[in-house]
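The values are calculated or read from the model by the stated rules, or taken from the named source; none is laboratory data. Quick caveat: nothing in here was measured; it's all calculated off a predicted structure. Reconstructed Cβ throughout: ideal geometry from the backbone, glycine too, with neighbour counts over all protein chains shown.
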Amino acid sequence: MNFHIEPDYDALSRRGADLIEGVMKATDTYTLGLATGSTPIGLYKCLVDDAQRKIIDFAGATTFNLDEYRGIGGTHPQSYRYFMDEHLFGNIDIDKSATHVPDGADPDAAHACDCYERAIQEAGGIDIQLLGLGHNGHIGFNEPADEFPKHTHCVDLTQSTIEANSRLFDHIDQVPRQAYTMGIGTIMAARRIVIVANGSDKAEIVKRAFFGPVTPAVPASILQFHPCVDVILDLESAALSKNLI
Ligand code: F6R
């Protein structure tokens, strides 16, 4: 694992954008795996700024997001499709048909998940996958469990994730209880992975995920087995990992 310890959130965002742009500039066509959540917002802003300044373009891009709530469609303001439109897709020149988010409006979970997994395969897999890190070690919506789920699947969200995500809804009762998410196997098949985490509230899980035992009880710990991972942290999230600072 390559660790990048940045002084602050802006530097972390810039570093993440640079790694993704490196892949974008290396080939004419490429597949990006994308994440939602608070952490990547600054990184997306860097990508948008660079696209507007013509430093990069998204003409060759195909994208796959990690996850989507089950039971809400892409026009719902809390859907992950809506988030992506707001923070990235709506601000860059990209072929919308090349952007993929699991279909949360499809009530048939097996159908929605199988279609998504197949679409990733048919696109030739993911060149670089961006991840955030949940407080309980989740990546995508792969919550702590007894085993690592392989493929895109439907999950029941844990109470801690429902509570964490309720900040984005008017009331906690409105937070969907299920989601469609890439599996750990889907994520691990990406040729390269970038994971970003900032803030002191992530310091404990950074230590457990990257310096503790590999276990499905901390899903992100599996990344220790991936051959090409960049972990981008700020000083606060790295603070409890003694070997980092
Ligand atoms: C989002 C996702 C989640 C988040 C994680 C961290 O698509 O898959 O795993 O990356 O919950 O979220 P933030 O960045 O809000 O702390």
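General observations
- Selection of region 223-245 for residues being at pLDDT 95 or above and either farther than 15 Å from N2 by Cα or part of a strand (DSSP E or B) (or both) yields V229, D230, V231, I232, L233, D234, L235, E236, S237, A239, L240.
- R81 vs. criteria touching a residue at least 40 places away in the same chain (Cβ under 8 Å) and either within 14 Å of the ligand (Cβ to nearest atom) or surrounded by 18 or more Cβ atoms within 10 Å (Cβ to Cβ) (or both): no
- Qualifying residue in region 160-175 (condition: part of a loop (DSSP other than H, G, I, E, B) and either over 21 Å from I72 (Cα atoms) or within 16 Å of the chain's Cα centre (by Cα) (or both)): no
- Of the residues making up region 113-131, those that are touching a residue at least 12 places away in the same chain (Cβ under 8 Å) and either crowded, with 21+ Cβ neighbours inside 10 Å or of a type in the set (D, E, K, R) (or both) are C113, D114, Y116, E117, I120, I126, D127, I128, Q129, L130, L131.
- The requirement of being within 14 Å of the ligand (Cβ to nearest atom) and not hydrophobic (A, V, I, L, M, F, W, C) is not satisfied by G90.
- Residues of region 195-216 that turn out to be out of contact with any Lys or Arg (no Cβ under 9 Å at 6 or more places or on another chain) and either within 14 Å of the ligand (Cβ to nearest atom) or touching a residue at least 12 places away in the same chain (Cβ under 8 Å) (or both), as a count: 15
Results for (1) away from the ligand (no atom under 16 Å from the Cβ); (2) hydroxyl-bearing (S, T, Y); (3) within 15 Å of the chain's Cα centre (by Cα), shown as yes or no for each residue.
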{"position": "P7", "(1), (2), (3)": "yes, no, no"}
{"position": "T29", "(1), (2), (3)": "yes, yes, no"}
{"position": "T36", "(1), (2), (3)": "no, yes, yes"}
{"position": "T39", "(1), (2), (3)": "no, yes, yes"}
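- One residue stands out in region 51-64 among those that are assigned to a strand (DSSP E or B) and under 16 Å from N91 (Cβ atoms): the one that is farthest from the ligand (Cβ to nearest atom), namely A61.
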